[in-house]
Amino acid sequence: MAAIAERKFSPSKLNELVVVGKDVLELLSSAMYVDPLTIYREYIQNASDAIDEAERDGLYSNGARPHISISIDPRERTIKIIDNGTGLPANVFARTLTALGASKKRGSDARGFRGVGRLCGLAYCEQLIFRGKSTTGPRVWEVGFDCRRFKELLNDTQFRGDVNDVMYEIIQFDTFEDSRARTHFFEVELRRVSRVANDTLLNQAAARTYISQVAPVPFRRGFRFAGRITKHLAKYGTGKTYNIYLNDDSRRIERPFANSFALKETRRDKFLELEVFEVPGLNGGVDAVGWLLHHNYYGALPQQLGIRGLRLRLGNMQIGAENVFEVAFPELRFNSWSVGEVHLLSSRLVPNGRRDDLEQSVHQQNLLNHVGQRAKQITKRCRAKSAERNRKKVRDGRCAKPPTAWLQSLRSFKSLDSRKQRAFERFFAELLRSSPRKAKAKSTIVAILPKLCSIA
Amino acid sequence: MAGKNILLIEPGYKNKYPPLGLMKLAQYHGTRGKGDHVRFIKGENTSVLDTTWDRIYVTTLFSFEWKRISKAIDFALEAAGGNRNNIFVGGIAASLMHEQFVREERWHGIRFINGLLREPPAISLRLSAFDQELYSDDIRGQPIEDLIPDYSILEQIEYKYPVVDGYFAYASRGCIRKCSFCGVPKLEGDLYDTPSLTLIVNGIEKCYGPKKDMILMDNNVVASPRFKEIVAEIRDLGFTPGAKLQRGKSKALRRVDFNQGVDARILCKDPMFLRELSSICIKPLRIAFDHLGLRKPYETAIRYSHDVGLNELSNYMLYNFHDTPADLYQRMRINIDLNEELGIRIFSFPMRYQPTNMKDRSHVGEKWNRYFLRSMQIILQATHGVVSGAPDFFKEAFGETVETFHDLLVRPHHFIFNRFWYERYGGRDEFQEYQLEYEELSPTDRADLLSVLANFENRKFRYLRERISNRKVRNIFRFYKPLHDAEEEEIWRKQREWLRKPCPVPDDERVEDAGLELDLFAA
C-alpha cells in the first residue's frame, strides 16, 4: 500500500471541507433504537446516573429517598420520567441537553457515556421536553424539542441547512420559578406519543414488563436467592438497584424472578441451585461476574416469564435482549433453557451505541469465551436431565423404547407408502433376529436403506 | 496478567522426538515465563473441553499426516469455543504446506505461522496491539525460538517419545544446499548460526537436570564455518568418547547424535572433519546416501570415518525419488561391501520420498510403482525399517543381485510377508510352482505382468485377472490372489517363532517416519 503523505489541512480549510449533514440527527434518534420501549431504558439510565451523582454529593442526607417515577397517561398521550437525582445546574442546562455526542460521562462509572441516548425520544413523540432544577439555583429550566418540525425538516428535500440549522429550528428554551418544585430533579416529558408498534409505549403492562427485566430494580420480595445474588454482586461493587414506580402504583417495579415458575399450564418447575462465577480479564483482574440458577431443565422456559436466557448487564441495566449470549451455546436453543446473568465490571467491555450487544474486541471475545464454557456446562445439564427422564419413562413403562436407528431411518423415507414400509420393517426385523452379528447387521441396514428405498 | 490458560496440542501421530516448539512455548508461558497455566495434550483429549482457554497452540510435523493434523486443528476449534483468534498453528507442516492450511475455509481466522518464531514473541505470533491482544505488548522479549524447551510438560501426557533423555538443540540452522526433495530450504533457508549451545545445555540442566544424550538437529553442521568451534564446545560440555552420566548408582554411556545426518560431499574433502567428529561420543554417525551419484564422496567419507575409528554408522537412503529400484539396491549393496571390506557396521534406513507438500504418502516416483513400494514396505516391516549391516542377512532379505531383488519385488505380497513359510516350510511347493512359472516368462511376459501389478489392488484381483489377455501372465496371476485372513492366521500360527525377530537397532537410533504401519492399498 502506498503510504499517505502526512500532510494536514489548515483548520479553516477543514471547516470548509467537513460537512455534518442533517441526516446525522436521524441516525442519532430513530435509527439508533429499533424497539420503541428502549426509550424507557435510556431515560432510566440517565436518571440512575443522576441519582448516583446526587448520592455522592450527599443530597439525600435530609432523609429524602432516591426514586424514579414514571407516569404514563394514555388519554393525554404523555409519558413522564422523573428522578430526584442531582439535576443539571442552570449554567450548563441548555448546553448539556442540546449537545450531540459530547457526554462528560465517558470514563466515569456512569452507565451512559455517548451523550446521544436522550435524543431517542425524538422519534416517538411530537414534543420532547427536558425539565429540571439543581440545588445551585431556584429556577426550573426547560429545553423543548419540536419533534414534528424535526421530522418535517429531515424529509424536506428543499431544506439545505446542516445540523445546526435544524437544531435552531426545533429547540425552544424556557425558565421559570416554581416554589412548589423540589430542590433538585430532572424530568423527561414526551407529549403526543406516537402510536408505534401497537401503541406499545403507552401500554402500561408492556412498559412494566420491559422495565422489570431491563432496569436496575430490586428482586421480588420472597425470592429466596435474592439475598445471595445481591450479596455476591455487591462484593464486586455492582448490582445496585433503584426504586422505580409506575403511575400511582405504590409498589415499586421488581425483577420477574420467583422461586418457582410455570413451564406450561400443567407443569411447574422451581429453582434448585445457585451457581456464581467470575470472568477473569485478559490483562488481569475480573472483567465480569455472573450467576446461574439451575432448575430441572424440563425444557425451554416460556418467553413471557421474562427470565429466560443468559443475560448481560452493565451497572445493573440490561444490554441487549434475552438472546445476547445465544451464540455462546453449542445449540442456540439451550439459551432459552437457562436462567442467569453476567454483570460487566471492566471498562474494557464497552456496550455498543445501540446497547444491544458489546463492541467487538479481544476483551469481548474473552468474555464470550468464558461464558461459552458456562453455556457448554448448562447444555450438558440439559442433555443429562433429558436422557435421565427418557430412561425413567421407559423404566416406568410410560413409553416404548425409542425406535432404533435403522427403524428411525426407515420411517424417515417419505417415498415409501405405509404398506411397503411395514413390509420392510417386518423383513428387516426377521433378518436381524436370525443374524449372528446384530450390530454389524444393523449398521449395514442403515447404510443400504437409502438406496433400497429409492428403488422401492 | 499471569494465570491465563494455555493449551498446547500435538496431533495424535506417532513421532520420535518431543515437540520442541511447543516446549519452548510452554517455557514462554509457564512458571518461568508469563506465569500462565500450561496444559499439553497429544491428540484429542476431551477433558480439556471443560476449561476456558485463553490461547491454543497446535504444532504440526509431517505433511503427510494431514488427516491427523486436521483433526487436531478442528479439535482446537472446539476447545476454543469457535474463537479462531485464540488459535495458533505452527511447525513443519504448517510451514511447508502453508498455503494449503490458509486456504482451508473452515479454519479462516486461525493464525498459521510460517517458519520459526525468531522475532520477539508478539511479532512472531502476529499479535495486534491495536486489538489489545494478550501479550501483544511483548515486542522486545526474547524470541520464543531461543528459549529453553520446557521438559516438564512431557509428563502431562501418556505418550512416551522414544527419545526424551537428551539435550535437544541446534548448533546451526538452515543448509547450504537446495536439494529439491528437502523441506529445509523452505523452512529455515540458508545456513546460519544459533545462540550458544553451552547456554542452552546449561539452561536445560539447571531447570530439568542433566540429560544423557545430546541430540543436535542441525541440517548440515559440517558446512558451518564454526564447525570446529561447535565440536570443541560439545567436547567441553563433556560429550567425549566413553563419557558416562552418573545417575544415582547407575552409569550410562552418553552419546551425541546429529540426527539429520552429515554431508558426505563435505566430509570427503578433508579427513579433518571426521577426525574432529571422532573426538566426541557421536553415535551413530549418520551419513546420507541419497542417490548413486554420491557414491564416491560417500565411500571416501566412510573410509575416513573408519580411519578415525568411527565404526558405528547409520545411513539415510532416499528412494522413490528420481532413483530406480536397482539404484537403491546398489546403494544398499555398497554398504554391505564396505561392511565386509572394513569390518564396520553400517545400518541403512531406506526412506521413501514424499513431496513436502503432499497431504498423504501416496506419491509414487517415476521409476517406481505402487506394487514395488508395497513390496519394499513389507520387506522393511520384517526388519523394523532397518537394512542390517550383516552381509548374510542382507542377501537373504534383499537378494544376491539386482535381478533377484527385482524378482523379489515382483513376488506376490503374501509370499514376501510370510517368506520363511513359502521358501522353507509348508508353502514351499506352492512357491516353487510359482518360481518355475515365473522363470518361464519371457521378458515381454514379465513386462506384461509388471504393468498389471502396477495397478494392483487386493480387492481388484478378479477384475484385473479377467482382463489379462496374455495367457501365461493370467495363469501365473493366480498366485497373486490375496490370502483370506483365516488362511494367513493359519500360517502365522504354524510359524509364529519366525514372524518377528527383535530389532537389531535400539529404538532411539531408528528412523521415525519410515511409514511401516501404513497400508499402501488402504487409500
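All of the numbers you see were taken from the coordinates with simple rules; none came from a lab. Model, not experiment: these values are computed from the prediction. All Cβ positions, even for glycine, are placed from backbone atoms using ideal geometry, and neighbour counts span all protein chains on display.
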When A:Tyr40, B:Tyr463 are ordered from fewest to most other Cβ atoms inside 10 Å of their Cβ, what list results? B:Tyr463, A:Tyr40
Taking A:Lys380 as the anchor, which aspartates and glutamates have their alpha carbon closer than 13 Å to its alpha carbon, excluding any fewer than eight residues away along the same chain? A:Glu331, A:Glu388, B:Asp50
Give the angle, between 0 and 90 degrees and rounded to the nearest 10, that separates the Cα long axis of helix A:418-434 from the longest principal axis of the Cα atoms of chain A. 60
Apply the Karplus parameterisation 6.51 cos²θ - 1.76 cosθ + 1.60, with θ equal to phi minus 60°, to every residue of segment A:288-300 and state each ³J(HN,Hα) to the nearest whole Hz, in sequence, with x for glycine and proline. 7, 9, x, 9, 10, 10, 8, 10, 8, 6, 6, x, 5
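Just to confirm the filter: which GluC sites (Glu not before Pro) across segment B:101-162 are DSSP coil and have at most 10 other Cβ within 10 angstrom of their Cβ? Each step should come with its number before you reach the end.
Details: sites: B:Glu104, B:Glu105, B:Glu133, B:Glu145, B:Glu155, B:Glu158; in loops: B:Glu104, B:Glu133, B:Glu158.
In loop regions of segment B:101-162 (DSSP not H, G, I, E or B), the sparsely surrounded GluC sites (Glu not before Pro) are B:Glu158.
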Which of the residue pairs A:Lys22/A:Lys105; B:Lys460/B:Lys481; B:Lys212/B:Lys244 have a Cα-Cα distance greater than 20 Å in the structure shown? A:Lys22/A:Lys105
Would you calculate a helix-derived [θ] at 222 nm for chain B, using -39,500 (n - 2.57) for each DSSP H run of n ≥ 4 and dividing by the full residue count, to the nearest 500? -10500 deg cm²/dmol
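What's the average, rounded to a whole number, of partner chain beta-carbon atoms within 10 Å of each residue's beta-carbon in B:123-134?
Working: counts 0, 0, 0, 0, 1, 1, 0, 0, 5, 6, 6, 5.
Mean number of neighbouring Cβ atoms from other chains: 2.
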Set B:Lys42/B:Lys283; A:Lys240/A:Lys264; A:Lys385/B:Lys14; A:Lys440/B:Lys67, cut-off 31 Å on Cα-Cα distance; pairs above it are A:Lys240/A:Lys264; A:Lys385/B:Lys14
Helix A:362-395: angle to the longest alpha-carbon principal axis of chain A, degrees 0 to 90, nearest 10? 40
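How much length would be gained if the chain were fully extended between A:Glu16 and A:Arg395, taking 0.36 nm per residue of separation minus their Cα-Cα distance, in nm to one decimal?
Additional length available on full extension: 128.3 nm.
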Rounded to the nearest 10, the angle in degrees between the Cα long axis of helix B:197-208 and the longest principal axis of the Cα atoms of chain B comes to 80
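What does the C-alpha gyration tensor say about the overall shape of segment A:278-423? Classify as rounded when a/c is under 1.5, otherwise prolate if a/b is larger than b/c, or oblate. Before the final figure, lay out the partial values.
On the way: a/c = 2.91, a/b = 2.40, b/c = 1.21.
Prolate.
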Would you please give the residues with an amide H less than 5 Å from that of B:Ala243, counting only those at least 5 places away or on a separate chain, with H modeled from the backbone geometry? B:Arg254
Of all chymotrypsin sites (Phe, Trp or Tyr not before Pro) in segment A:152-251, which ones are in loop regions per DSSP and have a Cβ with at most 14 other Cβ atoms within 10 Å? A:Phe159, A:Tyr236
